[in-house]
Structures are given as C-alpha cells and as structure tokens.
C-alpha cells in the first residue's frame, strides 16, 4: 500500500501521529487533520504565500509540500507564535500599525516576518520587501505592513516583548 | 484534495531510487521524481501533471552539499537554493551563480526548492539553465548503467525537456571556476519581484589591454531553452570597449533570436527589445566588474 502513509510531526511543540493520503498537502493536513485553522489557504499553487509555515525553522509554503514529506519535521504555524496568552511582538506590531484589514494573508506575513527578524533584527525597508515579496495582500497596499515589521523589529530589539519565535521550545 | 491520486515512495538510498525508477518503467507506470517540489506541486495541484507514482528524493541526505574540488564547486542536487544563496563559498567563488539564485522565486520557495530541480525542470524562463550555460557547468547523472556527465550546453534540449532519461537522477552540478579577472553580469526583467523573467541575460568576459576577450552572452525567457547569442558575442569579441558597441551587440543578439515567445506577459517584439537592452547593460556591468 503506497497511497496511505503513517507520519509523525511536531507542530508548535506538540507531537501528532496520523495516517495520511499521499496526495494530501501539508496545508490541508494542518487545517483539516490537526484542526489548526490559522494557516490560510489562498491560491493552493504557491503564488499567494498565505499558507506559509516554518518547517524546521525555515519558512515554506505548506501548499507546496505533501504532508507525507513533513514526516519527522518540526513545524510552527501562526498558532505557535504566541506564548502563554501573550502575543508575539510581530502580532502586536501588526495590530498597532494596522498591518492587516481582512486578515486572510496575515498568518503568512506573520510567519515570514518572524523568520526574517530572527536572522536580521534590524532590517532595511528593502530587506523587508525582499523577504515578504512572496506574500500577496489585497487590502493594505503593503505600506502599513512595512511599518508593522519595522515596529516589531524595534520591539524585539528593545525586548518589549520576549521573543517567542523559536519553534524548539514550548 | 487537489492533486490526482498517486503512489508515493521515499527510498533511503540513491541506488534504491534508481532501482525503483527502473521497476516502474518496466511496469509501464508513469513516475515522476520529486525533489523540492516547488514546480511539481503546483503542476500536481493544477492537474497539469498526473503521474501515477512519485519518487521523493528527500531522504538522500548525501546529495546535500557544497564543496570545493580543486577549481570546481561541486553542489549536490538536493542542496536547497537558500543554502546556495547563503553559502560564502558560492558568494566568493561564483558571484554570478549567487546573483542568479537571488532571482529564483522568493525566499519561501528557495527554502524548499532544490538546486538540481531547476535544471531538470528546464523552464526556459528560469535562471539556472542560463547560468549553467554561461558558466559551463557539468551535470552528473546516475542511472541503471552507472554515472555519466553531461555538459550544460547538451543537457537542455527544448521547453521543459532535458537529456535525462526517466530512470536517471541528477545528483551533482559541477561549476568550474571562471578565469581570474573575469567580469560577469546577470540581468532579468520580470513584471513582479520573484516572477519568472520575461527576458534575461547572463554575461561573462575578460578585458585585456582595453579589448574584450572570450565574451559569452546567454539569453533566457526568449526561446525553448536558454541560448547563447554568438551574433552578439562576435560584435564585441576582440574589440575596444565602448557603450555604442554594447548597444550594437544587443541589437545583433535580439535580431538573431529565432522565435521569442509571445504570451500574455510580453509580446515577441517586446522580448526582443528587452534582450537588446539587457545585453548592453550586461556587457557594461561585466566590463565594470572585470579586473583589467
């Protein structure tokens, strides 16, 4: 039998064992099999960036992976950004600077921003645009997103809110 | 579920992969090799591709490396594009390859996409085939009859088609060092950051006593494969350098294009015009970067 597969994944610090269809995308697995609906599914072919999650700490489009390919991986979805009811500074900054309107694209932006700021605590506007260029937002016009990321970077540099981006703990 | 059903295999070793591909071929099963999946997964979801079996290379950890072998950089086919992008070795030894990598999709794509995948995918608008021809890369391929090496120039046959047999796997890409002092440029124009290029060019050359030597000009996004533009190269080869000559080379290269693609993104005429401009820009940048 090669169409059904047993997989083990750790999502936001919790281990899950499931049997999945080979053709199930990681995005659908996270949403339907694990009931983690924060990961949004937009275009389903790798254009919009809404479904971006961290796989072993690196941002990837979960619609462009099969669930079976994530066997043994550590994942962080948008649900894994906050800690003990405290929002991640990136989430707080997106609220404070109106980095979202309808919110559909937001989970992807939050994940890629968290990854960016972990490696580059003080990014330029160009570096932010480069890191987030793979995400589409139809509401904001992007300017408020840029400002949100700059604010998040500042909050994390100043330690206003403790960084919770690392997927290993929890 | 978006993709049509398929059998999925993830063998532990390269020889298991090759044996499996051979068995599937013998059983007349349409199988596809899955590497990073950043081109294949969209094709599956859109059902443009409906293979009966997928053979995933994800467990072949020994195809993930970037190492120096004498003057050559050897890069394992399953190395991610981000690893190539971030590699100080690539940045120092092959800045053209680094520049080309920065133009492939977005970071989220490069984090998953394999280095080798863009070679086997052979999309004529993609960056790596052009870089491969510009840099004379050599591709190491393993199949049932063992290993063979193919020059980049012979690997890309036509639109999305390579010299790779259905039972073979691309395992390594070998990038020879450029001669000291070589200038380079990698240019493309896309509608949006991260999109496939409407047109692009890769240029390498040397400058000796104010004269251009060994120019190599490769265009992509304008034909069935990335292609050298000998007509443009001849214009500058052995000549003293000036910007009017660069423009002349651009026009010669553009005029020689047999059939630039014409689609919703750009007409054939517009692509010709882009090539003319990019060749001139590329030559100027490569000359500025050459050590002479």
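Read-outs: derived from the displayed coordinates by stated rules, not from any lab. All figures in this text were calculated on a predicted structure; none of them were measured in a lab. Positions of Cβ are backbone-derived with ideal geometry, glycine not excepted, and every protein chain shown enters the neighbour counts.
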task: Could you give me the percent of Cα pairs per 5 Å distance bin for the stretch B:7-52, shortest bin first, beginning at zero and ending with the bin that holds the maximum distance?
output: 5, 20, 27, 24, 18, 6, 0
field: Cα pair distances in the protein assembly as shown, grouped into 10 Å bins until the bin that holds the longest one, percent each
entry: 4, 20, 28, 25, 17, 6, 1
message: Given the -39500 (n - 2.57) contribution per DSSP H run of 4+ residues, what per-residue ellipticity at 222 nm results for the protein assembly as shown, rounded to the nearest 500 deg cm²/dmol?
response: -9000 deg cm²/dmol
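Tell me, B:89, A:146, B:283 in order of fewest to most beta-carbon neighbours within 10 Å? Please report the intermediate quantities before stating the final value.
Working: B:89 14, A:146 17, B:283 29.
Fewest-to-most Cβ neighbours within 10 Å comes out as B:89, A:146, B:283.
What's the Kirkwood radius of the stretch B:244-290 in Å, using all Cα pairs?
Working: mean 1/r = 0.0909 Å⁻¹.
About 11.0 Å for the stretch B:244-290.
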- request: Assign one of three labels to chain A, namely rounded, prolate or oblate, based on the Cα gyration tensor with a ≥ b ≥ c the square roots of its eigenvalues; rounded applies when a/c is under 1.5, prolate when it is not and a/b is larger than b/c, and oblate otherwise.
  value: prolate
message: Only Cα pairs within less than 10 Å get springs; with that Gaussian network setup on chain A, which residue of A:23, A:61, A:97 has the largest fluctuation?
response: A:23
query: Using a Gaussian network for chain B with springs between C-alpha atoms less than 10 Å apart, which of these wobbles most: B:236, B:141, B:264?
result: B:264
- request: May I ask you to give the average projected area over all directions of the convex hull of the Cα atoms of chain B, in nm² rounded to one decimal?
  value: 15.2 nm²
Centre separation in Å (Cα based) which lies between the stretch B:78-130 and the stretch B:18-70: 18 Å
message: Could you list B:279, A:11 so that the one with the fewest beta carbons within 10 Å of its beta carbon is first and the one with the most is last?
response: A:11, B:279
